[in-house]
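Asker: Next up is a structure, given as C-alpha cells.
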Amino acid sequence: MRIKKARFLTSMKKTRDYPKLDLPEIAVCGKSNVGKSSLINLLTNNSKLAKISGSPGKTRLVNFFVINEEFMLVDLPGYGYAKVSKTEKNSWPAMMEGYFNVAKNLRAFLILIDIRHAPNEDDKLMFQWAAHFGLHVIIVATKADKIAKTKRFARLRDIKQQVGAGIDYPIIAVSALKKIGVEAMLDEVEKAL
C-alpha cells in the first residue's frame, strides 16, 4: 500500500460529532507520549498532519484523518499520564467509549507500546478490551531506534507474551525518527482493510 493523500477531517468529543463518511477505520491508541501522532505522520509521510508534542497529552479529542479517500486513521487520546486537568483526563474514557459505540467500520486497533518498557496495567486492559470485543489488533512497538537492533526481536517476543494471552497478534517495531517499520505497518493495515 502507498499513501498518496492524507488530510485531517474532524475531531470528535461527543458521539454527535462522529463523521458521516462511510469509510473503513483504523484506530490508533496507546498511553500518553507513546507516539500515536508520530506514527500517523510516519505512515502518511507528512510530518505536519497530526500535531505532536514532547509533553504527554497533546491529543485531547478523537481525531479523524482521511487516507487516500479510502479509509480513516483515527487518533485516540492517550491513556495514563498527561499534564491536563483531572476533569479533562476523566472525560477521555467516555469519549473513547463513545467512539467505539459508533465506529461501525472499525477494521483494526493499533495498540502502541514503547519497545523499551514492559506493558503496564492500562496497556493490558486495552488488550483485554479488544479481545472481548473481537477487534483485530496490531501491536506497534514504538521508538525502536532507542534500543540495539540485536535486542529488538527479544523485546517484541516479550511484549507479545505479556499482552497476548495466547493470541498471536502481529507486532511491528517502528521508529518515526529513523523511519523504521513503515512498509511492514502499511502491509498490516492493508491486510486489515
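Nothing in this text is a laboratory measurement; each read-out follows from the coordinates by a stated rule. Everything quoted here is computed from the prediction, not taken from an experiment. Cβ atoms come from the backbone with ideal geometry, glycine included; neighbour counts cover every protein chain shown.
Asker: Please arrange Met1, Met126, Met185 by how many other C-beta atoms lie within 10 Å of their C-beta, fewest to most. Walk me through the numbers on the way to the answer.
Answerer: Numbers: Met1 17, Met126 24, Met185 21.
Fewest-to-most Cβ neighbours within 10 Å comes out as Met1, Met185, Met126.
Asker: What pairs in Lys48/Lys149; Lys5/Lys143; Lys124/Lys160; Lys4/Lys51 have C-alpha atoms more than 21 Å from each other?
Answerer: Lys48/Lys149; Lys5/Lys143
Asker: Something else now. Starting from the Cα gyration tensor of region 6-192, take the square roots of the eigenvalues, sort them a ≥ b ≥ c, and report rounded, prolate or oblate (rounded when a/c is under 1.5, otherwise prolate if a/b is larger than b/c, else oblate).
Answerer: Details: a/c = 1.36, a/b = 1.28, b/c = 1.06.
Since a/c stays below 1.5, the shape of region 6-192 is classed as rounded.
Asker: Can you give me the relative contact order of the chain as a percent, contacts being Cα pairs under 8 Å and 6 or more apart? Write out the running numbers ahead of the final one.
Answerer: Details: 356 pairs, mean separation 44.8, N = 193.
In percent, rounded to a whole number, it is 23.
Asker: Could you name the aspartates and glutamates in cross-link range of Lys13, using Cα to Cα under 16 Å and dropping any fewer than eight places away on the same chain?
Answerer: Asp75, Glu88, Glu97
Asker: Taking θ as phi - 60°, what are the ³J(HN,Hα) couplings along region 22-35 by the Karplus curve (6.51, -1.76, 1.60), each to the nearest whole Hz, with x for Gly and Pro?
Answerer: 9, 10, x, 10, 10, 8, 10, 9, x, 5, 4, 6, 8, x
Asker: Applying the Karplus parametrisation 6.51 cos²θ - 1.76 cosθ + 1.60 with θ = phi - 60° to the phi angles of region 114-126, what ³J(HN,Hα) value in whole Hz is obtained for each residue in order, glycine and proline being reported as x?
Answerer: With coefficients 6.51, -1.76 and 1.60, one gets 5, 4, 7, 10, 5, x, 8, 4, 4, 4, 5, 5, 4 Hz.
Asker: Given the DSSP H assignment, sum -39500 (n - 2.57) over each helix run of at least 4 residues in the chain and divide by its residue total; what's the result at 222 nm in deg cm²/dmol, nearest 500? Don't jump to the answer; show the numbers that get you there.
Answerer: Values: 5 runs with 65 residues, N = 193.
Using -39500 (n - 2.57) per qualifying helix, the result is -10500 deg cm²/dmol.
Asker: How do Leu39, Leu125 line up, fewest other C-beta atoms within 10 Å first? Walk me through the numbers on the way to the answer.
Answerer: Details: Leu39 26, Leu125 12.
Neighbour counts put them in this order, fewest first: Leu125, Leu39.
Asker: Counting only residues 5 or more places away or on other chains, whose amide H sits under 5 Å from the amide H of Ile138 once H atoms are built in the peptide plane?
Answerer: The answer is Phe109, Leu110, Ile111.
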